[in-house]
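Visitor: Got a structure for you, questions after.
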Ligand code: ADP
Ligand code: ASP
Ligand code: MG
């Protein structure tokens, strides 16, 4: 008998009418012969209400008690849902995370799932019950209640679908599916029929709040097709699957992280270990760092900028203040008025010129880019918050994301079949080491690239656009691009190209540097790019940290960094590549095996 997991978000269970409507959907699936597990969120804005209530009593409530409090929201919903199922004449049993046996680690309010027992759920399903599971919660090995982080019911749902071997996980929400960008922010956004796990992982972690990004990690790891659809209508929705074959689209979505902050650490020694010293304390607090950029040093010092969520900037700064002082550097005032705008698409990995199209339209719209980072399937720019919406709309239009046609959607038989063969033994293994434990697919060394830096370029709209247009005109394929921050007026732009195209690229850079009055250009023919790829690389801050640590211990200096959900890339000197690879392989030997 087939099994389906149906998750209902807060708005989809906001009142008794909606709870009954959700119950009817589950009953309908049950009538069609499916076993049904429902995962439900707290009603409406109940979680927000509980958070405000806590804040009225204690400005910094203990995390353990926060979890005790927040888990009650979902407990209300499951009980009411079971009553709704009963009122329709069917059998429903509600279960909390603890009752199911969702074991997590002990990091309260951000817990990760370790293992899930299926016995009780399976027995209840076999007796003809609809199982109603509380989303977002679990229990640690001391029986403390934990929660998975805001939006975590999606993760509960996909994780249950994985361990139960469900054919698919249906996510019922208050929009029709996954849109090219948040339709409440840009009304011209279009529904995307199919999107692949890697793209959705990026989009979710870059601000597309429709799915909790860790739920997509589960989807990818265990091959669970995820069907996102409206709880209010019967539209086709969107499928998140392994291979979305998005016919020729280079960019499949755009995302906005409105509340970012940029932290800049100036004049720290450009030696192995500096990066580790700065980021380790931040990672220890589980603060996710993005858009890490560093200047090429003039002397023996360098400056490093990075972004963190605005709400965590003060904490990030407070934990690195002493380290920065010890290193002899200074902290520039945090820029809290910035937003990150990103374009994501698998097609980018193969098609040249996506970055310069993006820079061009932003320049034409008069929008200045504070910093730029790219990875294989995404380009992110940091802009002043007042320009964020314009930037998003401009990028969205440039890549014709407002012109996607709706199509019917079904999980293809091949997609469920794939689950049967590969996913189940992975589950068995990961239930032992931790279902959300880091898994690394590959560590590779790329010795084919060269690096160019244009130092101290005036920071005004249009320079990056025209530089990369001229480079593209020469037929040079640019891989990594990083624009770092010197001060309000000045930036450095660093990029990598194939070694055999270095001369062409240098010629363009020299022209450009004369034209723009830049200080100098700096290039290195032999660089090594080391890439660690896997799932959820950015949320597992341990990968970047582990890499920095291993390289620092070997005395290898990190020159460039780019992170995405699927990969951490670091560029080191060409002479250090082979040794760097060995260090990383040793450091991650255990994660590679699993
Ligand atoms: P739920 O309570 O069902 O979990 P959420 O509020 O967490 O719902 O997620 C749905 C919301 O996500 C939508 O109302 C929409 O505003 C927002 N959203 C952000 N990005 C996107 C996107 N790319 N596609 C669809 N919705 C998005
Ligand atoms: N109720 C929790 C929240 O609001 C979990 C969820 O809805 O996914 O964040
Ligand atoms: Mg949600």
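Visitor: For the range 138-209, what is the relative contact order in percent, using Cα pairs closer than 8 Å and at least 6 residues apart in sequence?
Guide: 16
Visitor: To the nearest 0.05, what FRET efficiency results for residue 400 and residue 526 with a Förster distance of 41 Å applied to their C-beta separation?
Guide: For residue 400 and residue 526, the calculated efficiency is 0.55.
Visitor: Given the rule -39500 (n - 2.57) for each run of at least 4 DSSP H residues, summed and divided by the residues of the chain, what is its mean residue ellipticity at 222 nm, to the nearest 500 deg cm²/dmol?
Guide: -11500 deg cm²/dmol
Visitor: Between residue 432 and residue 575, what length comes free when the chain is fully extended (0.36 nm per residue of separation minus the Cα-Cα distance, one decimal in nm)?
Guide: The span from residue 432 to residue 575 would gain 47.5 nm if fully extended.
Visitor: If you don't mind, another one. Any idea what the relative contact order of the chain is, in percent, if you count C-alpha pairs under 8 Å spaced at least 6 apart?
Guide: Relative contact order for the chain comes out at 13 percent.
Visitor: Can you put 185, 265 in order of Cβ neighbours within 10 angstrom, beginning with the fewest?
Guide: 185, 265
Visitor: A further question follows. According to the square roots a ≥ b ≥ c of the eigenvalues of the Cα gyration tensor, what is the shape class of the range 298-441, taking rounded for a/c under 1.5, prolate for a/b larger than b/c otherwise, and oblate for the remainder?
Guide: It comes out oblate by the Cα gyration axes.
Visitor: Ranked highest first by average number of other Cβ atoms within 10 Å, how do 155-163, 445-453 line up?
Guide: 155-163, 445-453
Visitor: Here is a further query. Among 143, 306, rank each residue by its count of other Cβ atoms within 10 Å, from fewest to most, as a rough exposure measure.
Guide: Least to most surrounded, the residues fall as 143, 306.
Visitor: Given labels modelled 7 Å from the Cα in the Cβ direction, how far is it in nm from residue 473 to residue 56?
Guide: So the two model labels end up 6.4 nm from each other.
Visitor: Something else about it: Find the centroid of the Cα atoms in the range 487-536 and in the range 49-66, then give the distance between the two in whole Å.
Guide: So the separation of the two Cα centres works out to 48 Å.
Visitor: At 0.36 nm per residue, minus the direct Cα-Cα distance, what do residue 466 and residue 590 gain on full extension? Give it in nm, one decimal, please.
Guide: Gain in length upon complete extension: 40.1 nm.
Visitor: Right, here's the next one. Sort out for me the Cα centre separation of the range 111-188 from the range 321-376, rounded to whole Å.
Guide: 33
Visitor: For the range 1-41 and the range 250-288, compute the distance between their C-alpha centroids and round to whole Å.
Guide: Answer, in whole Å: 40.
Visitor: Moving on to the next point. List 586, 96 from most exposed to least, where exposure is judged by having the fewest other Cβ atoms within 10 Å.
Guide: Starting with the residue having the fewest Cβ neighbours, the order is 586, 96.
Visitor: Between residue 582 and residue 91, what FRET efficiency comes out of the Förster formula 1/(1 + (r/R0)^6) with R0 = 56 Å and r the beta carbon distance, rounded to 0.05?
Guide: About 0.45, to the nearest 0.05.
Visitor: Related question: Using only alpha carbon pairs under 8 Å that are at least six residues apart, calculate the relative contact order of the range 1-90 and give it in whole percent.
Guide: Result for the range 1-90 is 36 percent.
Visitor: With a point put 7 Å past each Cα toward its Cβ, work out how far residue 232 is from residue 288 in nm, to one decimal.
Guide: For residue 232 paired with residue 288, the spin-label model returns 2.8 nm.
Visitor: Can you compute the label reach from residue 141? Point 7 Å from Cα along the Cβ direction, backbone N cut-off under 13 Å, restricted to the range 433-460.
Guide: Only 433-434 pass the distance filter.
Visitor: What FRET efficiency do you get for residue 446 and residue 99 if R0 is 56 Å and r is their Cβ-Cβ distance, rounded to the nearest 0.05?
Guide: Efficiency, rounded to the nearest 0.05: 0.70.
Visitor: Another question about this same structure. So how many Å³ per residue does the convex hull of the Cα atoms of the chain work out to?
Guide: It comes to 145 Å³ per residue, whole-number rounded.
Visitor: Here's another thing I want to ask about it. Nearest 5 is fine: what % of DSSP beta bridges in the chain come out antiparallel, could you say?
Guide: Here the antiparallel bridges make up roughly 75 percent for the chain.
Only the coordinates and a few stated rules stand behind these numbers; no lab work does. Predicted model, so just to flag it, every value in this text is computed and none were measured. Reconstructed Cβ throughout: ideal geometry from the backbone, glycine too, with neighbour counts over all protein chains shown.
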